[in-house]
1. Can Q268 be described as over 15 Å from the mean Cα position of the chain (by Cα) and in contact (Cβ under 8 Å) with a residue 24 or more places away in the chain?
2. So, in the stretch 477-507, exactly how many residues are touching a Leu at 6+ places or on another chain (Cβ under 6 Å) and at pLDDT 75 or above?
3. Test R255 against the criterion of being among the charged types (D, E, K, R), over 29 Å from A69 (Cβ atoms) and in a loop (DSSP other than H, G, I, E, B), and give yes or no.
4. How many residues does the stretch 354-378 contain that are among the polar types (S, T, N, Q) and under 15 Å from T470 (Cα atoms)?
5. Out of (1) over 24 Å from the mean Cα position of the chain (by Cα); (2) touching a residue at least 24 places away in the same chain (Cβ under 8 Å), what's the single condition that is false for I280?
6. Would you point out the residue of the stretch 195-207, among those that are within 16 Å of the ligand (Cβ to nearest atom) and touching an Asp or Glu at 6+ places or on another chain (Cβ under 7 Å), that is farthest from K171 (Cα to Cα)?
7. Answer yes or no: is there a residue in the stretch 245-256 that is at pLDDT 95 or above, within 13 Å of the ligand (Cβ to nearest atom) and touching a strand residue (DSSP E or B) at 6+ places or on another chain (Cβ under 6 Å).
Amino acid sequence: MKKLVYSLLSGLAMLGLAGPAAQAQQMPAQRQCATMEVLAAQLAADPNYAARLQAIDQQATVYAKQKAANPAQRTSSSIIVTIPVVVHVLYNTDAQKISDAQVQSQIDVLNADFHRLNGDLNKVPAAFTSLIGDAGVQFVLAKRDPNGNATTGIVYKSTTATSFDSSDKMKYNSSGGDNAWPAASYLNLWCCNLGGGLLGYAQFPGGAAATDGVVILYSAFGSGGSAVAPYNLGRTATHEVGHWLNLRHIWGDARCGNDQVSDTPTQQTSNYGCPTFPHITCSNGTTGDMFMNYMDYTDDGCMQMFSSGQGDRMDALFATGGSRVSLLSSQGGAAPGTSPTPTPTPTPTTPTYCASQGNAASQYIDYVKLGNISRTSGSDGGYYNGTALSTSVAAGSGQTISFSAGFANKAATVYFDVYADWNQNGSFGDAGEAIVVAAGSSSKTTRSATFTVPPTATLGTTRLRVVMSTSSATSSCGTYAGETEDYTLTVTGSAVARLGAPADHYTVYPNPATDVLTIVRPAAADASQPLRVHVYDLRGAEVANLPLTNDQLRVSTLGQGVYLLTVSDGTTTSHQRFVKQ
Ligand SMILES: [Zn+2]
């Protein structure tokens, strides 16, 4: 792994800010976390990790779409998970043996920051206050160890190591550290001396259990005691636990990169110190960078918020299928002999739909077929709840639906309107959700219509509504002459989306790559448009022109690691992360 070298600020003492601890411990001039370097090393060592991360990101994307479609859920201030924490305090000097009170101060900061209870929330510029997110996550020092015995949740251990680096030696008894407690049940926090100007680093979800957790420099841990300005408010751990809960750096680890969160502004790179609002980069409007976000590199006193989108991304880990869902049933936070307060699994609420009712006196739907949905009927009294019947449709695919009318007496002119709630928000009124508008007809013959499932449709189950009426002006709600039938659709990802990208984005394979990276155009893209491709390293520096032939990029000259690929076709630009092996 590339050795990181940073200039250290010896000016703290000269500025007159230094207490006794500061004189003993020089603090880095700039915040720096090694999380992305550690990730690059793990991806290179474990060929399957990239696929696991992609699956986790895909689940997070689906979850975020569902939350966005149900705004009421996002205003919730409830706690969805209480995470038991074990703090491994490794000390080579007395100063490194931080007190119980300093450990508790860090837990207190995490509980404030992840639940928008931090006292400095009022420093967030007005332009961003509507975006302040609540992760609904809280932390408690473990009360029960992996053997079922009582514990304070703090393990003090003397070490002969004068300092550690980002090679995880603090995580093993055999290398002067302390073994992790089971990652399925605890958040492991290692507090120790770190060299190289590092304040800390974290492991993303999906990695090895033995190294899962967060490492924090002892002089950037909590507040009071050994903590030294400008990293003495506990925000280093807030940032690193954010990574542990699957958050990327807010600049997307590339020049104007993508942090996979929709409500954080695109920004050019990391910010340091305490910027003045607004700091505008990457054409990000009048409000500029969200430099007060915990996932930037600003000083502890100058970061105050997660965004709602970041909150959703973290919450996804604890929803059905989430990578850290096992923590919901951990016993670690409950003293032996007691039971933890159960925290419910957050499941997006099922939307409710408006009533739609025909009188069915003379005309009714007698046939509907779409995929596995196939139903022939007589009159159902104006409404039929067929939501137990469902069929799968792939995002981006073309579909054919068939239907016909039955008449109790003489034939009349009837109109069919078919709706699908693609964004799962409980309404059929959004753009593209009226999927069939059929002309009036008095024929009893089965008719068919085609529609395309939007590539952006929220994955999962949603409502299909078939409305037949004698009026062409009938809407998806209300009472009218005719009949309504409701069914269920299950929207599945397209072949492209399953690889972890939205269906309208470019994808790449193989990933990791050794020699050639093939760029796959989305189905909707113009295949004749020449592609413009840029590759950046994790620091945002562009790698010189790589040969591109027939949408194949030669990457054999790149060093091992994680890179960001930007593909533009003149209409859209998409970003892809790939690993060079
Ligand atoms: Zn970081």
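1. In short, yes.
2. 3
3. The answer is yes for R255.
4. 5
5. Exception for I280: condition (2).
6. G196
7. Within the stretch 245-256, one or more residues are at pLDDT 95 or above, within 13 Å of the ligand (Cβ to nearest atom) and touching a strand residue (DSSP E or B) at 6+ places or on another chain (Cβ under 6 Å).
Residue-wise test of (1) part of a loop (DSSP other than H, G, I, E, B); (2) away from the ligand (no atom under 13 Å from the Cβ).
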residue: V241; (1), (2): no, no
residue: D263; (1), (2): yes, yes
residue: S283; (1), (2): yes, yes
residue: G311; (1), (2): no, yes
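The values are calculated or read from the model by the stated rules, or taken from the named source; none is laboratory data. Here the structure is a predicted model, which means the values were calculated and not measured. Counting neighbours? That spans all protein chains shown, and the Cβs are built from the backbone with ideal geometry, glycine included.
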